[in-house]
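S.K.: Provided herewith is a single structure, encoded as structure tokens, for subsequent inquiry.
The values are calculated or read from the model by the stated rules, or taken from the named source; none is laboratory data. Please read these numbers as outputs of a predicted model, since none were measured by experiment. Heads up, the Cβs are rebuilt from the backbone with ideal geometry, glycines too, and the neighbour counts pull from every protein chain shown. Only protein heavy atoms, including side chains, enter the accessible area calculation; ligands, DNA and RNA are left aside. Shrake-Rupley method; radii C 1.70, N 1.55, O 1.52, S 1.80 Å.
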Amino acid sequence: MAMVVAKQLKKTYRSGDIDVQAIQGVDFTIQPASFVSFVGPSGSGKSTLLNMIGCLDPPTAGSLQVVGKDISNLNRQQAAKFRGEHIGFVFQDFNLIPVLTVFENVEYPLQMVQNWPREKRRKRVQELLEAVGMGDQGHKFPSQISGGQKQRVAVARALVTNASLVLADEPTANLDSTTANHVIELMKKMRDEFGTTFIFSTHDPRVVNNAETIFTLEDGKLLQGKGGNHV
Ligand SMILES: Nc1ncnc2c1ncn2[C@@H]1O[C@H](COP(=O)(O)OP(=O)(O)O)[C@@H](O)[C@H]1O
Ligand SMILES: [Mg+2]
């Protein structure tokens, strides 16, 4: 079963009297445990595409299958449930909760989404913190760690519920290039360890080299051939 299948997928935003065709009929397939990057300049449609895959924003036309389910017509409640069960997110500004410790930030989705007993929860959180090299930093607050460390914590949080798909929209935009590459390497390591599919977007060519499969977006279309390495 493919992880994501998009067929003639389109997204049009209405902006006043103007239709903005953010995604103009794209086709692609992403297999389980792959490590994929959508690349393209600002405004090419990367966030729009990731938001559709993440059930945050419904497609205007075409079909979109995620983890074997047709998600093009889910209502808000169904979309929220689907996200909680299958998808983890990593954001460019990390989105950690400042009043919670590192440990509590990673624990949060388990409390919200899955009703696990305390001991099981704590064991799982510690396992993930160790996997991302933050095992001894759980007591700290987000303000006490670096940008690269914050993104490690965000990766742990995205994986803690056992999501089969993690979406990361420009996860390295606020990091220097060395730290950016470390975060991408970490995500790849997590893919190897847990078999999670990772889809990230970037406009940074220094980060792209780390992806195994690259889809290049331009004006809402996928470039074919060179740079449009379809799986
Ligand atoms: N909510 C929205 N309303 C209107 N236009 C939008 C909206 N979101 C994105 N767009 C437009 O869609 C296009 C693609 O945007 P986006 O997906 O954010 O690109 P990227 O993430 O690659 O920078 C751009 O022209 C952008 O202005
Ligand atoms: Mg974007």
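S.K.: Counting only residues that are in contact with a Lys or Arg (Cβ under 9 Å, 6 or more places away or on another chain) and in contact (Cβ under 8 Å) with a residue 60 or more places away in the chain, which one in segment 64-78 is least open to solvent (accessible area, probe 1.4 Å)? Please lay out each step first, then the result.
M.R.: Our first condition is that a residue be in contact with a Lys or Arg (Cβ under 9 Å, 6 or more places away or on another chain); within segment 64-78, this holds for 64-65, 74.
Pick out the ones that are also in contact (Cβ under 8 Å) with a residue 60 or more places away in the chain and you get 64-65.
Working: LEU64: 1, GLN65: 78 Å².
Looking at residues that are in contact with a Lys or Arg (Cβ under 9 Å, 6 or more places away or on another chain) and in contact (Cβ under 8 Å) with a residue 60 or more places away in the chain, I get LEU64.
S.K.: Please count how many residues of segment 39-56 are out of contact with any Gly (no Cβ under 8 Å at 6 or more places or on another chain) and either β-branched (Val, Ile, Thr) or open to solvent by 40 Å² or more (accessible area, probe 1.4 Å) (or both).
M.R.: Step one: filter segment 39-56 for residues out of contact with any Gly (no Cβ under 8 Å at 6 or more places or on another chain), giving 40-43, 47, 49-56.
Right, trim to either β-branched (Val, Ile, Thr) or open to solvent by 40 Å² or more (accessible area, probe 1.4 Å) (or both) and you get 41-43, 47, 51, 53, 56.
Of the residues in that region, 7 qualify.
S.K.: On to the next question. When you go through VAL36, VAL20, VAL26 one by one, which is the residue that is more than 14 Å from ligand 1 (Cβ to nearest atom) and either open to solvent by 40 Å² or more (accessible area, probe 1.4 Å) or in a strand (DSSP E or B) (or both)?
M.R.: Details: VAL20 fails: more than 14 Å from ligand 1 (Cβ to nearest atom); VAL26 fails: more than 14 Å from ligand 1 (Cβ to nearest atom).
Residue meeting the stated conditions: VAL36.
S.K.: Regarding GLN114, is this residue open to solvent by 60 Å² or more (accessible area, probe 1.4 Å), of a type in the set (S, T, N, Q) and either modelled with pLDDT under 95 or over 19 Å from PHE198 (Cβ atoms) (or both)? Break it down stepwise before answering.
M.R.: Values: open to solvent by 60 Å² or more (accessible area, probe 1.4 Å): no; of a type in the set (S, T, N, Q): yes; either modelled with pLDDT under 95 or over 19 Å from PHE198 (Cβ atoms) (or both): yes.
Judged against the criteria, GLN114 is not a match.
S.K.: Continuing with the same structure: Does segment 116-141 hold any residues that are part of a loop (DSSP other than H, G, I, E, B) and over 15 Å from ALA154 (Cβ atoms), and which are they? Walk me through it before giving the result.
M.R.: Narrowing segment 116-141 to residues part of a loop (DSSP other than H, G, I, E, B): 116-117, 132-141.
Of everything in segment 116-141, those that are part of a loop (DSSP other than H, G, I, E, B) and over 15 Å from ALA154 (Cβ atoms) turn out to be TRP116, PRO117, GLY135, ASP136, HIS139.
S.K.: Out of (1) modelled with pLDDT of 95 or more; (2) in contact with a Ser or Thr (Cβ under 9 Å, 6 or more places away or on another chain); (3) buried (at least 17 other Cβ atoms within 10 Å of the Cβ); (4) hydrophobic (A, V, I, L, M, F, W, C), what's the single condition that is false for VAL125?
M.R.: Going through the list (1) modelled with pLDDT of 95 or more; (2) in contact with a Ser or Thr (Cβ under 9 Å, 6 or more places away or on another chain); (3) buried (at least 17 other Cβ atoms within 10 Å of the Cβ); (4) hydrophobic (A, V, I, L, M, F, W, C), VAL125 breaks only (2).
S.K.: How about segment 83-103: which of its residues are open to solvent by 70 Å² or more (accessible area, probe 1.4 Å) and either hydroxyl-bearing (Ser, Thr, Tyr) or over 20 Å from ILE184 (Cα atoms) (or both)?
M.R.: GLU85, PRO98, VAL99
S.K.: Of all residues in segment 39-55, how many are within 14 Å of the chain's Cα centre (by Cα), in a loop (DSSP other than H, G, I, E, B) and within 23 Å of ILE214 (Cβ to Cβ)?
M.R.: Residues flagged as within 14 Å of the chain's Cα centre (by Cα), in a loop (DSSP other than H, G, I, E, B) and within 23 Å of ILE214 (Cβ to Cβ) within segment 39-55 amount to 1.
S.K.: A follow-up question, please. Could you go through segment 39-60 and let me know if any residue there is within 12 Å of ligand 2 (Cβ to nearest atom), out of contact with any helix residue (DSSP H, G or I) (no Cβ under 8 Å at 6 or more places or on another chain) and of a type in the set (Lys, Arg).
M.R.: Looking for residues that are within 12 Å of ligand 2 (Cβ to nearest atom), out of contact with any helix residue (DSSP H, G or I) (no Cβ under 8 Å at 6 or more places or on another chain) and of a type in the set (Lys, Arg), one finds at least one in segment 39-60, hence yes.
S.K.: Could I ask something else about it? What number goes with the only condition from (1) under 15 Å from GLU218 (Cα atoms); (2) near ligand 2 (Cβ under 10 Å from one of its atoms) that GLY25 does not pass?
M.R.: Status for GLY25: all satisfied but (2).
S.K.: A follow-up question, please. Counting residues that are in contact (Cβ under 8 Å) with a residue 60 or more places away in the chain and surrounded by 24 or more Cβ atoms within 10 Å (Cβ to Cβ), which helices (runs of 4 or more DSSP H) fully inside segment 142-231 reach at least 2?
M.R.: Output list reads 147-159.
S.K.: Pick out the one residue from GLY133, GLY195, GLY147 that is more than 16 Å from ligand 2 (Cβ to nearest atom) and under 15 Å from GLY88 (Cα atoms).
M.R.: Working: GLY133 fails: under 15 Å from GLY88 (Cα atoms); GLY147 fails: under 15 Å from GLY88 (Cα atoms).
The conditions single out GLY195.
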